[in-house]
Amino acid sequence: MTMLARFADSVFWLGRYVERAENLARILDVHGAFVRDPRGTSDWSVIVDLNSDAERFDKEYDRPTASNVLQFYVLDAANPNSIAACIRGARENARTLRHVISTEMWTHLNVFHAGVKDLKRKDVRIDSLTRTCNFIKDECQRQTGISLGTLYRDEAWRFWQIGRHLERADQTTRLLDMKYRQVALVEEQPGSPVDISQWNVLLRSAAGYYAFRRTRASRMTPSETARFMLLDHSFPRSIAYSVAKVEQELRDLVRFNGLDLGEEIPVKLAAAKATLETCPADRVDADWLQHFADDMQIKIADLALAIGKRFFGYED
Amino acid sequence: MTLKGVLSGYDPDGFFCEIASGDAARHAALAPLVKRLGQMSLRTLEKRAKAVEQELYNLGITFTLYQNGSSIDRILPFDVIPRVLSAQDWDKIERGSIQRVTALNAFLHDVYNDRKVIKDGVVPADLVEKNENYRKQMKGVELRHRNYVQVAGVDVVRGADGEFYVLEDNARTPSGVSYVVENRQLLRRTFPEFFDGIDVRPVLDYGIRLHDALVEIAPESVMDPTVVLLSPGAFNSAYFEHVFLAREMGVPLVQGEDLFVDEDDEVFMKTTMGPKPVHAIYRRINDDFLDPEVFRKDSMLGVPGLMRAYRKGTVAIANAVGTGVADDKAIYAYMPRIIKYYLDEDPILPNVQTNLCREKEGLKYTLDHLEELVVKPVGEAGGYGVVIGPRASKKELDKVRAQLKEDPKNYISQPMISLSVCPTLVDGAIDHRHVDLRPFVVTGRKSWVLPGGLSRVALTKGSLVVNSSQGGGSKDTWVLGG
């Protein structure tokens with residue numbers, strides 16, 4: 001049973017949008033925590049830079065205040081990178097896929113979408129930010145859980161998994177990148193006590209704190225934390241894990257669904273993996289990480305485009 | 001019938017009531033439901049009705065309105081008190097609907113081939129040839145089983161005399177069937193006790209029946225034909241129904257951009273593995289958008305070359321192209337004669353008496369009795385442009401009088417039917433509201449009628465307009481076992 005190219009595209013984006021919304025909530029929450037730390041920065045422009053949204057943001061808002069940035073990334077549906085826009089996009093794709101996905105996936109997303117539409121300015125004030133971010137995270141995870149439990153394991157499933165993990169890999173580079181930008185802003189030496197507490201927040205925001213402690217009890221250093229989030233094959237939010245997942249699903253598309261990957265996809269996948277291998281074994285410094293994040297994001301975009309051209313009918 | 005409890009104050013006000021009127025046999029069949037309804041408190045009814053409404057939103061059983069650049073999701077209001085048809089009621093509707101579809105198919109085949117019906121003077125030539133829904137591209141095209149109308153919606157009303165009358169035939173893309181099935185599932189979930197021990201005929205197999213019919217009209221040479229549903233897309237107000245039908249049939253829900261026709265006039269859909277052949281299309285877009293090579297050049301919704309493939313017989317399209325010539329309000333007036341002509345039978349379901357303003361006597365009668373009649377434009381759908389004489393102001397009557405004189409061909413008139421009523425939960429009380437009925441007839445090799453159909457209810461007191469665009473809601477429609 002083959003699948004309409006447009007549906008493959010939609011289900012890929014359904015996975016991406018939900019994952020993106022969840023990660024945006026994580027990023028906003030971790031930054032909020034950072035800001036509440038008296039020794040942290042109160043600069044919210046890092047979030048705008050992180051998503052390369054400066055141009056769009058400056059057009060609509062005068063200054064990158066907490067209120068403006070949160071409005072822009074949570075409520076502002078005109079911003080395609082906002083949580084509101086992601087959930088709307090997810091729902092629109094789900095609507096198209098309504099007869100391909102389970103009723104439970106659709107109903108949850110439909111109700112979730114209504115909940116996000118109901119969010120008000122007061123819900124993104126700094127004192128309610130964690131509650132709102134938790135709401136977004138919970139509902140995104142609920143959507144993912146329902147999908148895991150109900151989505152039929154055909155092509156739709158595999159393209160959903162690919163979309164989700166490509167997005168997660170991309171977002172993890174942003175989360176790491178943000179961390180280093182913040183550190184640079186407070187002008188602390190990486191490795192100082194303040195810095196360690198910031199890394200804690202980062203690990204917690206990626207739900208990796210205890211796993212990290214358990215596996216690297218004596219190595220609580222920024223470099224080790226970065227390597228954990230980049231390379232740990234057992235940590236489900238690491239880039240290595242996400243890329244491996246993409247690779248596996250691509251393989252299964254060939255094995256179980258009879259698709260042919262063509263020439264470009266394997267090349268782009270190999271390039272993404274090669275970039276990952278450039279991670280230093282000793283000190284991970286901010287410059288390297290920033291450069292790596294940019295590079296990795298490009299490699300992920302290239303791979304996504306190759307998949308789109310091969311299976312979704314994207315033009316060159 | 002004695003009405004108790006929550007129904008004790010209910011008064012159908014002289015109209016035929018779908019729950020309380022009829023003969024002894026009908027009363028006996030309805031008694032278990034009436035008893036159960038009577039035992040329910042108004043509070044419970046209201047509470048569960050609210051829950052149903054929320055569920056409709058949650059499930060996204062909505063149609064979308066676009067206003068000032070933003071979109072609003074609306075539900076079709078659902079009334080929780082079912083409308084019930086006895087086995088005898090249904091027998092007549094079922095036979096009558098099939099008879100009409102059989103006659104419509106014979107008429108369409110004749111109109112696009114030999115035109116005997118015109119030569120024999122049964123139907124005037126200009127009604128066919130000048131009909132804007134007549135498609136000359138269909139001349140001489142031979143369809144499997146000579147079947148044009150795979151899905152028909154026959155709109156039926158019940159008068160004060162308890163008789164059913166056909167109000168109009170819908171032979172293009174009648175909608176609403178998704179509500180029939182969804183309403184049943186909603187009611188079963190929220191009021192399971194209504195159904196206890198009552199034999200209500202099932203509606204859940206509609207998708208399977210429709211799929212079977214599409215397979216039966218697909219090109220004969222194809223062993224295992226691929227069926228798709230062609231939709232204009234998520235912005236169409238009936239998109240929920242398209243999704244529903246694709247799901248219930250288990251077929252891809254495609255849009256024009258997903259299909260193409262190759263140089264051998266065969267239709268393909270674009271899949272992740274490349275092109276895959278398509279053999280039958282259940283389309284929910286109008287003729288004029290179907291193929292920009294033949295119809296509207298600006299159509300982005302259709303598939304260039306689709307008519308080439310269709311005429312060559314490599315793909316089946318349901319409903320057939322050009323069925324609109326058979327379902328407008330002028331042809332409707334001739335339906336009793338059309339049935340007699342092709343089937344040599346009297347109509348099982350009578351028409352509402354119709355005055356054709358294109359005919360001199362019809363126009364004169366209409367102008368003389370304007371205050372008593374309902375005047376309808378021939379080509380409109382959805383209740384638009386209808387003037388109800390007894391309810392119209394003097395200004396409205398003057399306006400329609402002028403329109404009738406100016407363009408009599410464009411109008412018909414009918415006596416006002418006292419539509420039957422059904423108890424309905426409105427504003428915290430149970431009151432009578434007018435209802436109609438749209439049974440759905442699915443035809444492949446043979447015809448089948450979904451037991452029930454869409455009961456629409458005019459929620460405004462006294463209103464006879466049941467259209468969803470004008471404040472109508474719907475009810476679950478029960479057909480009781482024999």
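The values are calculated or read from the model by the stated rules, or taken from the named source; none is laboratory data. Treat the numbers as computed from the prediction; the structure is a model and nothing was measured. Neighbour counts are summed over all protein chains in view; Cβ atoms, including those assigned to glycine, are modelled from backbone coordinates with ideal geometry. These accessible areas exclude ligands, DNA and RNA; they are computed on the full protein's heavy atoms, side chains included. Shrake-Rupley method; radii C 1.70, N 1.55, O 1.52, S 1.80 Å.
Taking the Cα centre of chain A as reference, the dipole from Cβ charges on Lys and Arg (+1) and Asp and Glu (-1) amounts to some 1100 debye. Global size of segment B:331-378: 12.6, 37 Å for Rg and Dmax (C-alpha atoms, Rg to one decimal, Dmax whole).
Full extension of the chain between A:Thr103 and A:Ala271 gives 56.7 nm of extra length, using 0.36 nm per residue less the Cα-Cα distance.
Note on A:Val254 and A:Asn134: the extension gain reaches 39.4 nm, defined as 0.36 nm multiplied by sequence separation minus the Cα-Cα distance. When chain A is treated as a Gaussian network with alpha carbon springs shorter than 10 Å, the biggest mean-square fluctuation among A:Val243, A:Val69, A:Val254 belongs to A:Val254. Note on segment B:300-445: Rg/Rh from Cα positions, Kirkwood definition for Rh, rounded to two decimals, is 1.06.
Once the Cβ-Cβ distance of A:Ser42 and A:Lys117 is raised to the sixth power relative to R0 = 35 Å, the FRET efficiency obtained is 0.75. Of the whole protein surface, B:Leu454 contributes about 10 Å² of accessible area at a 1.4 Å probe radius.
Could you pull out every one of the lysines with an alpha carbon less than 16 Å from that of B:Lys270, ignoring same-chain neighbours closer than 8 positions? List returned: A:Lys309. Pairwise Cα distances in segment A:201-254 exceed 17 Å for 37 percent of all pairs. Rounded, prolate or oblate: which one fits segment B:355-415, using the alpha carbon gyration tensor with axes a ≥ b ≥ c (rounded when a/c is under 1.5, else prolate when a/b beats b/c, else oblate)? In terms of gyration-tensor shape, rounded. Report the far tail of the P(r) of chain B, meaning the percent of Cα-Cα pairs longer than 41 Å. Roughly 20 percent, once rounded to a whole number.
The order of A:Thr103, A:Thr173 by accessible area, most exposed first and with a 1.4 Å probe, is A:Thr103, A:Thr173. Pairs over the 21 Å Cα-Cα cut-off, from the set B:Lys136/B:Lys312; B:Lys136/B:Lys340; B:Lys405/B:Lys461; B:Lys136/B:Lys297; B:Lys329/B:Lys394; A:Lys59/A:Lys122: B:Lys136/B:Lys340; B:Lys405/B:Lys461; B:Lys329/B:Lys394; A:Lys59/A:Lys122.
Computed with a 1.4 Å probe over protein heavy atoms only, the accessible area of A:Asp43 comes to about 50 Å². For the set A:Ser234, B:Ser418, solvent exposure ranked by accessible area (probe 1.4 Å, protein chains only) runs largest to smallest as A:Ser234, B:Ser418.
Could you please tell me the mean projected area of the C-alpha convex hull for segment B:219-262, averaged over all directions and given in square nanometres to one decimal? Numbers along the way, then the final one.
Values: hull surface 15.6 nm².
For segment B:219-262, the mean projected area of the Cα convex hull comes to 3.9 nm².
Here B:Thr2 sits with roughly 110 square angstrom of accessible surface, probe radius 1.4 Å. Here the Debye sum runs over all C-alpha atoms of segment A:37-168 as equal scatterers in vacuum, and log10 of I(q)/I(0) at q = 0.09, 0.12, 0.16, 0.19 Å⁻¹ comes out as -0.31, -0.54, -0.89, -1.12. For the modelled label position 7 Å from the Cα of B:Ser237 along Cα-to-Cβ, which residues of segment B:60-104 have backbone nitrogen atoms closer than 15 Å? Under 15 Å, as judged by backbone N against the label point of B:Ser237, lie B:62-68, B:71-77 of segment B:60-104.
Ligands, DNA and RNA left out, the accessible area of the protein assembly as shown computed with a 1.4 Å probe is 50% carbon and sulfur. Probe radius 1.4 Å, ligands and nucleic acids left out: can you give me the accessible area buried at the A-B interface, summed over both chains, in Å² to the nearest hundred? Between A and B, the summed buried area is about 2000 Å². Sequentially through segment B:267-281, phi angles give Karplus couplings (6.51, -1.76, 1.60; θ = phi - 60°) of 9, 10, 10, 8, 10, 5, 9, x, x, 10, x, 10, 10, 9, 10 Hz, Gly and Pro residues having no value and appearing as x.
According to the Cα gyration tensor, what semi-axes, each the square root of 5 times an eigenvalue, does the equivalent ellipsoid of segment A:5-310 have, listed from largest to smallest in whole Å? Spell out each step's value before the answer.
Working: eigenvalues 178, 126, 58 Å².
Computed over segment A:5-310, the values are 30, 25, 17 Å.
Computed from label points 7 Å out along Cα-Cβ, the spacing between A:Asp154 and A:Trp288 is 4.7 nm.
Across segment A:157-173, rounded Karplus estimates of 3J(HN,Hα) from the backbone phi angles (6.51 cos²θ - 1.76 cosθ + 1.60, θ = phi - 60°) give 4, 5, 5, 5, 4, 4, x, 4, 7, 5, 5, 5, 4, 4, 5, 5, 4 Hz, Gly and Pro being marked x.
With Cα atoms defining each centre, segment B:66-100 and segment B:348-405 are spaced 25 Å apart in the structure. Averaged over its residues, chain B has an accessible area of 41 Å² per residue, based on protein heavy atoms and a 1.4 Å probe. Think of segment A:5-310 as having a plus end and a minus end, set by charges on the Cβ of Lys, Arg, Asp and Glu; of A:Ala21, A:Ala301, A:His99, A:His99 sits farthest toward the positive end of this dipole. A simple charge model with +1 on the Cβ of Lys and Arg, -1 on the Cβ of Asp and Glu and nothing else charged puts the dipole of segment B:343-474 at about 320 debye relative to its Cα centre. With protein chains left intact and a 1.4 Å probe, residues in segment A:5-310 average 41 Å² of accessible area per residue.
In segment B:219-314, the convex hull through the Cα atoms has an average projected area of 6.4 nm², a quarter of its surface area.
Ordered by solvent-accessible area of protein heavy atoms (1.4 Å probe), largest first, the residues B:Ser413, B:Ser237 come out as B:Ser237, B:Ser413. Restricting the calculation to Cα atoms, the protein assembly as shown shows an Rg/Rh of 1.05 when the hydrodynamic-style radius is the Kirkwood one. Every Cα-Cα pair in segment B:413-482 was counted, and those over 21 Å apart are 36% of them.
Annotation: amide H of B:Glu168 within the under-5 Å range of B:Asp155, sequence separation 5 or more or interchain, hydrogens built in the peptide plane. Taking amide H positions as modeled 1.01 Å from N, with prolines and chain starts lacking one, the residues under 5 Å from B:Ile81 and 5 or more places away or on another chain are B:Leu425. Of the residues making up segment B:255-273, those losing 50 Å² or more of accessible area when the isolated chain is joined by the remaining protein chains, with a 1.4 Å probe, are B:Thr272, B:Met273.
Both radii were evaluated on the Cα set of segment B:127-200; the Rg over Rh quotient, with Rh as the Kirkwood radius, amounts to 1.15. For segment A:78-119, a reduction of at least 50 Å² in accessible area between the chain on its own and the assembled protein chains (probe 1.4 Å) is found at A:Arg95, A:Arg98, A:His99.
With just the Cα atoms defining each centre, how far is segment B:103-139 from segment A:118-138? Give it in Å. Cα centroid of segment B:103-139 versus Cα centroid of segment A:118-138: 64 Å apart. Mind jotting down the distance between the C-alpha centroids of segment B:199-232 and segment B:307-328, whole Å? Value for the Cα centre distance between the two parts: 17 Å.
For segment B:101-137, the residues whose backbone nitrogen is under 18 Å from a point 7 Å from the Cα of B:Lys360, taken along Cα to Cβ, are B:124. The string of couplings for segment A:76-88 from the Karplus curve (6.51, -1.76, 1.60, θ = phi - 60°) is 6, 5, 6, 8, x, 9, 8, 4, 4, 5, 4, 5, 5 Hz, one whole number per residue in order, with x for Gly and Pro. The gain in end-to-end length when the B:Gln470 to B:Lys276 segment is fully stretched comes to 65.6 nm, 0.36 nm per residue minus the alpha carbon separation. Rounded if a/c is under 1.5, else prolate if a/b is larger than b/c, else oblate: which is segment B:1-100, with a ≥ b ≥ c the root eigenvalues of its Cα gyration tensor? The shape class here is oblate.
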